[in-house]
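Take a look at the structure set out below.
The values are calculated or read from the model by the stated rules, or taken from the named source; none is laboratory data. Only a predicted model underlies this, so the values are computations on that prediction, with no experimental measurement involved. Neighbour counts are summed over all protein chains in view; Cβ atoms, including those assigned to glycine, are modelled from backbone coordinates with ideal geometry. Please note that ligands, DNA and RNA were not included when accessible areas were found on the heavy atoms of the full protein model with its side chains. Shrake-Rupley method; radii C 1.70, N 1.55, O 1.52, S 1.80 Å.
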Amino acid sequence: MVKKKPQGRPTLICGSAGCGKTLFAMEFLLRGALNFGEPGVFMTFEESPEDLAKNFISLGFDINDMMSRGLIAMDHVYIERSEIEETGEYDLEGLFIRLGNAIDSIGAKRVVLDTIEALFSGLSNAAIIRAELRRLFLWLKERGVTAIVTGESGNKMLTRYGLEEYVADCVIFLDFRIDEQISTRRLRIIKYRGSSHGADEYPFLIDEGGLSILPITSLGLDYPVSSRRVSTGVPKLDAMLEGKGFYRGSTILISGTAGTGKTSLAATFADAACRRGERCLYFAFEESPSQIIRNMASIGMDLAKWVKKGLLRFHSVRPSLYGLEMHLLTFHKVINTFNPQVFIVDPISNLTVAGSASEVKSILTRLIDYLKMTNITTFLTDLTRCEGSLEQTSEEISSLIDTWLLLRDIELNGERNRGLYILKSRGMAHSNQIQEFLLTDRGIDLVDIYTGTGEVLTGSARAAQEAGEKASDLARQREVERRLRAQERKKNALEANIAAIRAEFDVETLEVLLMAEEEKKRQAIQAQDRLEMAKLRKGKPSGPQAMRSKKNRKG
Amino acid sequence: MAGKKVKSSTEEFEKAAAMPDRAKHVLRLYITGMTPKSTRAIANVRNLCEQYLKGEYELKVIDIYQQPKLAAGEQIIATPTLIKQLPLPLRKLIGDMSDTERFLVGIDLKPKNA
């Protein structure tokens, strides 16, 4: 919001009773003393130092210890009007001397005056007080100490006695508002000379660690991203996500109606993270840690051992316990102390009881931004109400989500079965299939749902259909085998036939050859005969005449 | 403390009780160096005491520039401050004591509504 408090200048903190002025001022001193080596003087006009010390021990600061170490000096200015009689002109030099003495005693760089307005009620001559205050602030500036002055907010002015006139460098306004029975503290910088400051109202919180301010929105969208992947804990779901699972540092949302297995999926993811040796933080808004552990044991998951090993930490609170800002701060605090790689909120929809939808969205945006910045994989579950589309979250955060899984009931044949599909998953070619989501005693399993004959079947209908199909498959197989055998027989018969015909043909060929041989022999014998005949007739041996005569004889 | 100052004699005690304004006044005047207001205050207090409490007062002037720690102990805010430690009740008179009426009311020599 701003770099730091204006150095060497007075700052006015104003607000109504109980808005945290004293705490803000005290924290300024204590932080300065502890973290920046700047001792501080606390001049209290209202509470006694003993009361203050008690109050601050409950917020985690031991003032007495710091006082003995010379980090803090306290001066209680006590004005009892009934004891005082004004008998002429006076000044507040006494106050200056006390303050100066306190500053010098510890070399203070910071001063808190809480609340100097008590002077107005203790002394009647306002003109003198105003003049002296003006002098006081000038004097503080000259001494180079950074001062914080608190003031009760007035009717029309910022403070009841118009302190803002004197402390004109920096004015911070604290507000304490109650909306729908849930209170939120807000802080606004009204003026800060010589600095560009945020003009918005910033929610802030007071808890056992003091006061913290959270920026309303993160400043940019420039967080680094990881291309490493983490398993979902369900091998088949990994397979649907390119076989690798989610991106590390991405934001995953599981939405679904009641009883669809959101918590089981979240717990499986937590289990997988712990198995990889990563730390996992589980914010449960509905169930106690022991209940989750027991329920997950029923699907074969032993979360207790991860808790024992310190890898898994549950944080169960009722969402209505405190306001959303406090929730966000709790998230921040636990994340910072536990430093997890995986962060689960189950479910975010319950946050709506602690604030309006737009506030929940703003909180979640800030949370997701923060988690992305720290590269923590975030797993959110969201209970979808029955009315309205499933592709909508009640918190309207769908645009912030990187991977969105939807669990839904599929009602068919008098059964309710769970179906899972991936609505979106940025940066990967994810599966478009609806898978049946089964909770078995060995964890979560995904089964391809039956889509054989153009309809979607789940549960026992799918099983029946698959059994029927298996039977008819078997029958068909038998038929095929039978046909194959018949064909084989046919082939054998055909081959036998071919062999027979070939044998017949061979015999015929042999006969024909024999015949041709015999004919040749016969002709040779005939020629021999004719020669011999001619010899016998003493004629010319075989000439044309003989041939002619033969012809003639024939003719 | 009151017991010590007012002796043990019953007579004297009753006398003191009967006339509280005549009791010995223990006064402390806290000033800041030699500022005009301080000097005026010292002069005024001395005059008034001589005038109204002659011989029955004990006045000590303390410069809180010299003894700044006393300022916190005595809850001094404004200066000059005259603290009437005795007789009780404790009173603080701030200012340069130029207002005689208020001074007398302040050290209980005059009732407030007078």
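Only residues that are outside any helix (DSSP H, G or I) and surrounded by fewer than 19 Cβ atoms within 10 Å (Cβ to Cβ) were counted across the stretch A:341-371, and they come to 1. Checked against (1) in contact with a helix residue (DSSP H, G or I) (Cβ under 7 Å, 6 or more places away or on another chain); (2) modelled with pLDDT under 75; (3) among the aliphatic types (A, V, I, L, M), residue A:321 passes all but a single condition, namely (1).
Determine, yes or no, whether residue A:42 is open to solvent by less than 30 Å² (accessible area, probe 1.4 Å), at pLDDT 80 or above and within 48 Å of the chain's Cα centre (by Cα). Criteria met by residue A:42.
On inspection, residue A:431 qualifies as surrounded by 10 or more Cβ atoms within 10 Å (Cβ to Cβ) and part of a loop (DSSP other than H, G, I, E, B). Can you tell me which of (1) under 20 Å from residue B:70 (Cβ atoms); (2) open to solvent by 20 Å² or more (accessible area, probe 1.4 Å); (3) modelled with pLDDT under 80; (4) small (Gly, Ala, Ser) is the one residue A:105 doesn't meet? In the conditions (1) under 20 Å from residue B:70 (Cβ atoms); (2) open to solvent by 20 Å² or more (accessible area, probe 1.4 Å); (3) modelled with pLDDT under 80; (4) small (Gly, Ala, Ser), residue A:105 misses (3) alone.
For the stretch B:37-44, the count of residues that are in contact with a strand residue (DSSP E or B) (Cβ under 6 Å, 6 or more places away or on another chain), basic (Lys, Arg) and surrounded by 19 or more Cβ atoms within 10 Å (Cβ to Cβ) is zero. When residue A:67 is tested against the conditions (1) in a helix (DSSP H, G or I); (2) open to solvent by 60 Å² or more (accessible area, probe 1.4 Å); (3) at the interface with another protein chain (Cβ under 9 Å from one of its Cβ atoms); (4) not aromatic (Phe, Trp, Tyr), the lone failure is (3). When the residues of the stretch A:91-127 are filtered to those that are within 22 Å of residue B:92 (Cα to Cα) and acidic (Asp, Glu), the one that is nearest to the other protein chains (Cβ to nearest Cβ) is A:93. One residue stands out in the stretch A:72-90 among those that are β-branched (Val, Ile, Thr) and within 8 Å of chain B (Cβ to nearest Cβ): the one that is nearest to the chain's Cα centre (by Cα), namely A:77. Going by the conditions given, is residue A:365 hydroxyl-bearing (Ser, Thr, Tyr) and touching a strand residue (DSSP E or B) at 6+ places or on another chain (Cβ under 8 Å)? So residue A:365 fails the test.
Results for (1) part of a helix (DSSP H, G or I); (2) in the same structural domain as residue A:134 (by TED's automatic domain parsing); (3) open to solvent by 20 Å² or more (accessible area, probe 1.4 Å), shown as yes or no for each residue.
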{"position": "A:31", "(1), (2), (3)": "yes, yes, yes"}
{"position": "A:51", "(1), (2), (3)": "yes, yes, yes"}
{"position": "A:61", "(1), (2), (3)": "no, yes, no"}
{"position": "A:74", "(1), (2), (3)": "no, yes, yes"}
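Residue A:34 falls short on exactly one of the conditions (1) at pLDDT 80 or above; (2) out of contact with any Lys or Arg (no Cβ under 6 Å at 6 or more places or on another chain); (3) more than 14 Å from every other protein chain (Cβ to nearest Cβ), and that condition is (1). Scanning the stretch B:26-53 for residues that are hydroxyl-bearing (Ser, Thr, Tyr), away from chain A (no Cβ under 12 Å) and within 12 Å of residue B:79 (Cα to Cα) returns a single hit, B:39. Only one entry of A:79, A:116 meets the criterion of being more than 21 Å from residue A:29 (Cα to Cα) and assigned to a loop (DSSP other than H, G, I, E, B), and that entry is A:79. Within the stretch B:84-114, the set of residues being within 7 Å of chain A (Cβ to nearest Cβ) and open to solvent by less than 50 Å² (accessible area, probe 1.4 Å) comprises B:92, B:93, B:94, B:95, B:96, B:97, B:103, B:105, B:106. Within the stretch A:82-113, how many residues are assigned to a strand (DSSP E or B) and among the charged types (D, E, K, R)? Qualifying residue count for the region: 4. Among the candidates A:135, A:130, A:143, A:110, the residue that is at pLDDT 80 or above and buried (at least 21 other Cβ atoms within 10 Å of the Cβ) is uniquely A:110. Among the residues in the stretch B:66-83, are any more than 7 Å from every other protein chain (Cβ to nearest Cβ) and closer than 14 Å to residue A:86 by Cα? Yes - at least one qualifying residue is present in the stretch B:66-83.
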